[in-house]
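Heads up: the structure comes next, in structure tokens.
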Amino acid sequence: MSKGVEGGVAALRDMALNGLRTGDMALAEQSFSRLLEMLPGDVEALQFLAASRLARGDALGAVALLQRAVQGQPENPDILHQLGVAEMATGHIAGAIETLRRCLAIAPGLFVARLRLGIALERQGDLRGAVLTYFGAVNSAQAQGRWMSDATTAPGLREPVKHAMRVIDQGRRSTFDAVLEPLRQRYGRGELTRVEHGLAIYLGEQPANLPDPRQKPKFLYFPDIPSQPYYGRERFPWQAELEAATDVIREELLDVLADSESLEPFLGRQTEEELKGHLRSSSAQPAQWDGYFFYRHGERFDDHHARCPRTSAVLERVPLVRIRDHAPETLFSVLRPGTHILPHRGVTNTRLVTHLPLIVPPDCAINVGGELHEWKEGRCVTFDDTFEHEAWNRSDRTRVVVILDSWNPDLTEVERLAVTDLVEAIGDFNRASEVPVPAG
């Protein structure tokens, strides 16, 4: 390109941008049109002129221009988003779906593009796909503080977002109703009354009305059962065998501790700065909370079971919660000297947490709902972790307990079946939305 042409292009671009700044759309369009004659592949001009044509109802003309822009920048998600919208305006829904999926594969966080993909899927008649896509769009937007209200939603998107939320509500309700229906047919609705109430709370159809303000589950609240921070040992007959095996389990633990490489940070690999909201140290050493997992999120760590066979055998006889991709969660919990696990809450009161203390130096304790408990080696303690709780090791030695989760004994067998099916279905639904869903 000669210097003269370069100068002409630059002057036209300046005129076009000045038109945009001053609101003179005619000047902007005229300047970009002339610029495009000189540079037929100029993406900025192609996108602006396509938007102008689409605003005038010339969707086909907009598509033609944007296809040229895509040829120049095939991985540009903004162009693909704009092309998908234009294709939808022409009625070419299948093409719009393909284009918007290409856009989101490159930039998954473009929640407006995801919303428009949901609209296209709904128009195509794929209602389940639309529900999942809308759900992903709304969660992605709200994670950034958008679409929480009219004030946080662009005016042109308010009605589409409200429509998406209505479709989500209907779709989730029908999805989870279908999960419970076989149990209703088999056991009768009366056996699932509390489960139905819990589902309505989860879906936001009814308030939780928790009986104890200290209790705030992050995910699923099961209503109409006693609410208490700690549970008496008499509720768990299986704990006697677990406690009787304390010495055997501790012996295998000591072998694990001799090889610190086998431990992993309970909260994952994070910097000290990232851990500040979760852990604090009262010593010169950084706070450190490690785990040696036998199960995590339902995944079995076979090599750890093989390394600690007697511990594994005892744990496998415990009535652990077993929910695909969620539970059990069973481990040696290793709290280093000076480490304080800051107050936090668990996800659901359908299951309780049990600690079997193995190594407990002085000045180590757990606080659940404001009620302090000092661990005693070989004696289980069980609590509801949906109450705010914290734990600390203020000694100069390492503290270790076994952590495991078991069902809340106030649930019936039928309710446990229903909760298992529901939680698995909720997990499947959330994963299918392709966007991480907060637990809370």
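The values are calculated or read from the model by the stated rules, or taken from the named source; none is laboratory data. Here the structure is a predicted model, which is why all the values come from computation and not from measurement. Using ideal geometry, Cβ is built from the backbone for each residue, glycine included, and neighbour counts are taken over all protein chains shown. Side chains are part of the model used for accessible areas, which takes the heavy atoms of the whole protein and leaves out ligands, DNA and RNA. Shrake-Rupley method; radii C 1.70, N 1.55, O 1.52, S 1.80 Å.
If the condition is being in a loop (DSSP other than H, G, I, E, B), open to solvent by 60 Å² or more (accessible area, probe 1.4 Å), over 21 Å from Pro217 (Cα atoms) and of a type outside the set (Asp, Glu), then segment 339-383 contributes only Pro362.
In the list Ile119, Ile79, Ile97, which residue meets the criterion of being in a helix (DSSP H, G or I), without any contact (Cβ under 8 Å) to a residue 40 or more places away in the chain, out of contact with any Asp or Glu (no Cβ under 8 Å at 6 or more places or on another chain) and within 29 Å of Thr175 (Cβ to Cβ)?
Sole residue among the options that is in a helix (DSSP H, G or I), without any contact (Cβ under 8 Å) to a residue 40 or more places away in the chain, out of contact with any Asp or Glu (no Cβ under 8 Å at 6 or more places or on another chain) and within 29 Å of Thr175 (Cβ to Cβ): Ile97.
Each row is one residue, and each column tells you yes or no for (1) in contact with a helix residue (DSSP H, G or I) (Cβ under 8 Å, 6 or more places away or on another chain); (2) closer than 17 Å to Ile119 by Cβ; (3) loosely packed, with under 14 Cβ neighbours inside 10 Å.
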site: Gly136; (1), (2), (3): yes, yes, no
site: Gln142; (1), (2), (3): no, no, no
site: Gly145; (1), (2), (3): yes, no, yes
site: Met148; (1), (2), (3): yes, no, yes
site: Val161; (1), (2), (3): yes, yes, no
site: Ile168; (1), (2), (3): yes, yes, no
site: Asp177; (1), (2), (3): no, no, yes
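With respect to Glu390, is the statement that it is among the charged types (D, E, K, R), at pLDDT 95 or above and in a strand (DSSP E or B) true? In short, yes.
A single entry from Leu199, Leu242, Leu254, Leu192 fulfils the requirement of being outside any loop (DSSP other than H, G, I, E, B), open to solvent by 60 Å² or more (accessible area, probe 1.4 Å) and not charged (D, E, K, R): Leu254. Scanning segment 269-308 for residues that are within 17 Å of Leu358 (Cα to Cα) and more than 27 Å from the chain's Cα centre (by Cα) gives a single hit, Cys308. Output yes when any residue across segment 137-155 is touching a strand residue (DSSP E or B) at 6+ places or on another chain (Cβ under 8 Å) and outside any helix (DSSP H, G or I), and no when none is. No - not one qualifying residue is present in segment 137-155.
Just one of the numbered conditions (1) open to solvent by less than 40 Å² (accessible area, probe 1.4 Å); (2) not in a strand (DSSP E or B) is not true of Asp325: (1). Filtering segment 406-419 to residues that are open to solvent by 10 Å² or more (accessible area, probe 1.4 Å) and assigned to a strand (DSSP E or B) leaves only Trp407.
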